[in-house]
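Structure record follows, encoded as structure tokens.
The values are calculated or read from the model by the stated rules, or taken from the named source; none is laboratory data. Since the structure is predicted, the reported quantities are computational estimates derived from the model, not experimental observations. All Cβ positions, glycine included, derive from the backbone under ideal geometry; neighbour counts span all protein chains shown. Keep in mind that these areas ignore ligands, DNA and RNA; they rest on the heavy atoms of the full protein, side chains included. Shrake-Rupley method; radii C 1.70, N 1.55, O 1.52, S 1.80 Å.
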Amino acid sequence: MFRRISSLARTGLSAMAAACVALTGPVAEAAPSSKGNLPIVRDAEIEQLVTEYAAPLLKAAGLSRSGIEIILVNSSDFNAFVSGSRIFVNTGAILATETPGQLQGVLAHEMGHLAGGHQLRLRERIENAKVLTAVTSLLGLGVAAAGAATGSREAAQAGTGIMAGGTGLAARDLMAYKRGEEMTADRAALTYLERAGLSGRGLVDSFRNLDRQSFFSRSSGRNYLSSHPMPNDRAAAIEDAARRSPYWSKPDDPRLVERHQLARAKIAAYTGSPGDAKRLFSRDPRSIAAFYGDAIETHLAGSSSSALKKVDALIAARPQNPWFAELKGEILLEAGRGAEAAKAYRTATKLDRSNSSLLRAEIGQALVVSGDPAVLPEAIDLIEEALRRDPSNANAYRFLAMAYGRKGDIGRAELATAEQYWNTGRLTDARIFAARAAQKLAPSTPAGRRARDIVSTPRP
Ligand SMILES: [Zn+2]
């Protein structure tokens, strides 16, 4: 299930930490500022694919034991960035990359920032820039410089304005420094790709693509041209080195190529306008990805019987694909056919080699919708087990609340609702429900303690 969540709570994402505007060019956007919520996407199919892309590169970068997390951001802009030990990848970047190698190039570049410790050094530079600003009394420039360097849109625009005025010494120093870091990360990316036995061609192609207008992009990104290297210049800077790799001509794994196209079809269907998925595959309208996009669009348009026929055809063509079975579960679930949906999700779980906790929660969610009181205990077990492995699955809490509500356990239902709000960044609502739950749950139980924790935890 492709699920958009309004914001990511507890990311600890600060403007200072969001150091990277990955592949900045005419169509790129900035990292979100600390003030705005970060819209994220949870989807087992796409998470698994990107995790598989990243695994050999993390190993090559010496980061495989660093607990690096990959988070999908619901944004149509071509971007990726790092914060702390997280790599954020926009759905727009996945949509715009035509091959697995292009997205792996983007991931390798981000790992170059992580392995190089760029976030930390950029923070020091920003502090120095602020001091310089204070000394030279350039009013407001500290903020502008910090914004430009960290990718905060409004601040960067202000920074660009000051740059145009020719007064921004501190800002100019920071921008030059940031350009240098981008080049360093590009070179590191090539090293990791070669160590992983992968071609650097995808990274070069990503830069070239960025010079053309991206499929869904609405931003021109002109403000970044002063602070970031032009994509074509970056492509030229690394292409010779990339061509010297013994893997330059090595093609992408054909199985990954199809999965990449399926992920793009899914993103186009769920985040675009009706017809976007079809347009994306207009050159290949008989491909499995084109049919997948069409099945999802039909489902989203509310034609469940037609969508079921289409997904059954997909399952017949690829009986081992867990995500087609998952889509069937979602169509049945939203048609209110909970018991059949649970069956489809069980099939998906059996086929899924990654043992996704999102999928396991979906079996429980479907059982709740089935309305059969006899299956409520199993539904609760499945959802709670999935939440122990992945406590940020906000959607699962909604169904957990329903299940406890039907059992008449109002305290736990309210606690689950509090968790749902907590994990979507609605902290005031979370506290209201946690306070109600705390009145009903004994303080000595884990649930009672958790309710009191939510009430008393300060805003992250
Ligand atoms: Zn970068």
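Among 59-71, 318-330, how do they line up by average Cβ neighbours within 10 Å per residue, starting with the highest? Walk me through the intermediate numbers first.
Details: 59-71: 15.4, 318-330: 22.5.
Taking the mean over residues of other Cβ atoms within 10 Å, the ranking is 318-330, 59-71.
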Quiz item: So who's got an amide H within less than 5 Å of the one on ILE71, skipping anything under 5 residues away but keeping other chains? H placed 1.01 Å off N, in plane.
Solution: ILE87, PHE88, VAL89
Self-check item: Under the Karplus curve 6.51 cos²θ - 1.76 cosθ + 1.60, θ = phi - 60°, whole-Hz ³J(HN,Hα) for segment 375-388, x wherever Gly or Pro sits
Solution: 9, 4, x, 5, 4, 5, 4, 4, 5, 5, 5, 5, 6, 5
Exercise. Give me the number: length gained by fully extending ASP312 to ASN355, i.e. 0.36 nm times residue separation minus the C-alpha to C-alpha distance, one decimal in nm.
Key: 13.2 nm
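For the pairs LYS59/LYS266; LYS309/LYS343; LYS250/LYS350; LYS178/LYS250, note any where the Cα-Cα span goes beyond 21 Å. Show your work: numbers first, answer last.
Working: LYS59/LYS266 28 Å; LYS309/LYS343 17 Å; LYS250/LYS350 33 Å; LYS178/LYS250 32 Å.
From the list (LYS59/LYS266; LYS309/LYS343; LYS250/LYS350; LYS178/LYS250), the Cα-Cα distance tops 21 Å for LYS59/LYS266; LYS250/LYS350; LYS178/LYS250.
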Practice problem: Starting from the amide H of LEU38, placed 1.01 Å from N in the peptide plane, find each other amide H under 5 Å away whose residue is 5 or more places distant or on another chain. | Solution: LEU8
Exercise. Keeping the other protein chains in place, figure out the carbon and sulfur percent of the accessible area of segment 48-117, with a 1.4 Å probe.
Key: 46 percent
Quiz item: To the nearest 0.05, what FRET efficiency results for SER282 and ARG449 with a Förster distance of 35 Å applied to their C-beta separation?
Solution: 0.05
Practice problem: Read phi for every residue in segment 341-356 and hand back ³J(HN,Hα) as whole Hz from Karplus 6.51 cos²θ - 1.76 cosθ + 1.60, θ = phi - 60°, with x for Gly and Pro. | Solution: 4, 4, 4, 4, 5, 5, 4, 4, 5, 5, 7, 7, 6, 7, 6, 5
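Assign one of three labels to segment 399-451, namely rounded, prolate or oblate, based on the Cα gyration tensor with a ≥ b ≥ c the square roots of its eigenvalues; rounded applies when a/c is under 1.5, prolate when it is not and a/b is larger than b/c, and oblate otherwise.
Values: a/c = 1.97, a/b = 1.15, b/c = 1.71.
Oblate, because a/c is 1.5 or more while a/b does not exceed b/c.
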Self-check item: Solvent-accessible area, 1.4 Å probe, carbon plus sulfur percent, for segment 233-282
Solution: 51 percent
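Within segment 317-386, what whole-number % of the accessible surface is contributed by carbon and sulfur, with the 1.4 Å probe and all protein chains included in the calculation?
Numbers: 1420 of 2830 Å².
For segment 317-386, the apolar C and S fraction of the accessible surface comes to 50 percent.
How much length is gained on full extension from GLU334 to ASN232, taking 0.36 nm per residue of separation minus their Cα-Cα distance? Kindly include the intermediate steps, with their values, before the conclusion.
On the way: separation 102, 0.36 × 102 = 36.72 nm, distance 4.58 nm.
Net length gain for the segment: 32.1 nm.
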